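**Q** There's a structure below that I have some questions on.
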2 protein chains.
Amino acid sequence: MIKLAKLTDYAVVVLAEMASSRGILLSASTLAERTGLPEPTVAKILKMLAAGNLIASVRGANGGYKLEREAASIPITAVIEAMEGPVSLTACAEGSHDTCSRKGSCSVEARWNGVNKALNAALANVTLADMVQ
Amino acid sequence: MIKLAKLTDYAVVVLAEMASSRGILLSASTLAERTGLPEPTVAKILKMLAAGNLIASVRGANGGYKLEREAASIPITAVIEAMEGPVSLTACAEGSHDTCSRKGSCSVEARWNGVNKALNAALANVTLADMVQ
DNA sequence: TTAATGCGGACCGAATTCGTACTATATGGC
DNA sequence: GCCATATAGTACGAATTCGGTCCGCATTAA
């Protein structure tokens, strides 16, 4: 199965919760409570999403996180990229620096790029707003 | 990254090699030699592909494998399914029997089905023939 | 000054995956 | 009929990755 990391799955749940309270500052512990997910895990997810500029963070007492943009303008590819890196099926895909033992001599190497583009195009049409409903 | 198992990647390489010699019986060792992949690994891949009815096997001396259908009629989703199971991003997707701790109470559970369909549609348009060139 | 909250990194156990080996079964050639 | 060749199926060990947790530091409101 083309597997999405569990953390990415959780990230969507957390973001969906944030989208329903847009603009309001929510702490990691509050979000953990509302989503039913373990608090340390939620905290980790929020850090990653903040690093990917998907959400804004406010430090200090009474701090928290809030959505940076509208849910409708956040494609799920952005979420996946923030959590797992570029959306691409194979290591030898364009832009990846991962090594492949057959790099250069692989007859299908270049072909995957087209597949990845089709994949990105399909996923780019689904936004966070679609996941919230 | 939306990760494809390495074996699946290899499977496409092997199938591409078989497609260029369609109808000819090729043994696992021959394919290993031509693709430059380790022989035991190629043998394993061929077994999985045969189990998925993507290729036909002939046992005994001078046996081997050959493509069951034309490359153009084999979508890469079929390859992925043979190697890794159904194409779906999340465990809670339709048809999966995997358990999810939030099953039933998860607000985004149903939404993933649409994403998975978009994904399958995008990948179904790419066939093995496209990978060969 | 204190308490609350995010930030960043490190760490460990668990699960998955990769690659390999071994045995059984089938078939063609001598 | 026997042997060489080839696939079928199972099982296993090592390596990698992932999920989850913890700790010390930085920042800000009260």
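**Q** Considering only residues of segment A:1-12 that are at pLDDT below 90 and in a helix (DSSP H, G or I), which is nearest to B:Ala82 (Cα to Cα)?
**A** A:Lys6
**Q** I'd like to check which helices (runs of 4 or more DSSP H) are fully inside segment B:15-87 and have at least 3 residues that are more than 7 Å from DNA strand D (Cβ to nearest atom) and away from chain A (no Cβ under 14 Å).
**A** Numbers: elements: B:28-35, B:39-51, B:76-84.
Once the helices (runs of 4 or more DSSP H) in segment B:15-87 are filtered for at least 3 residues that are more than 7 Å from DNA strand D (Cβ to nearest atom) and away from chain A (no Cβ under 14 Å), what remains is B:39-51.
**Q** Restricting attention to segment A:31-66, and to residues there that are crowded, with 21+ Cβ neighbours inside 10 Å and in contact (Cβ under 8 Å) with a residue 40 or more places away in the chain, which single residue is farthest from DNA strand C (Cβ to nearest atom)?
**A** Among those residues, the one meeting the criterion is A:Ile55.
**Q** Now, a different point. Just give me the residues in segment B:1-30 being within 13 Å of DNA strand C (Cβ to nearest atom) and small (Gly, Ala, Ser), in sequence order.
**A** The answer is B:Ala5, B:Ala11, B:Ser27, B:Ala28, B:Ser29.
**Q** Take the residues in segment A:23-46 that are within 27 Å of B:Asn116 (Cα to Cα) and of a type in the set (D, E, K, R), then tell me which one is farthest from the chain's Cα centre (by Cα).
**A** Only one residue tops the list, namely A:Arg34.
**Q** Look through B:Ser107, B:Ser96 and report the one residue that is at pLDDT below 90, over 24 Å from A:Asn113 (Cα atoms), within 16 Å of DNA strand C (Cβ to nearest atom) and within 12 Å of chain A (Cβ to nearest Cβ). Give the derivation first.
**A** Numbers: B:Ser107 fails: within 16 Å of DNA strand C (Cβ to nearest atom).
The match here is B:Ser96.
**Q** Residues of segment A:1-28 being touching a residue at least 12 places away in the same chain (Cβ under 8 Å) and more than 15 Å from A:Ile74 (Cβ to Cβ), which ones?
**A** Of everything in segment A:1-28, those that are touching a residue at least 12 places away in the same chain (Cβ under 8 Å) and more than 15 Å from A:Ile74 (Cβ to Cβ) turn out to be A:Ile2, A:Leu4, A:Ala5, A:Leu7, A:Tyr10, A:Ile24, A:Leu25, A:Leu26, A:Ser27, A:Ala28.
The values are calculated or read from the model by the stated rules, or taken from the named source; none is laboratory data. Note that the coordinates shown come from a computational prediction; the quantities given were computed from them, not determined experimentally. Heads up, the Cβs are rebuilt from the backbone with ideal geometry, glycines too, and the neighbour counts pull from every protein chain shown.
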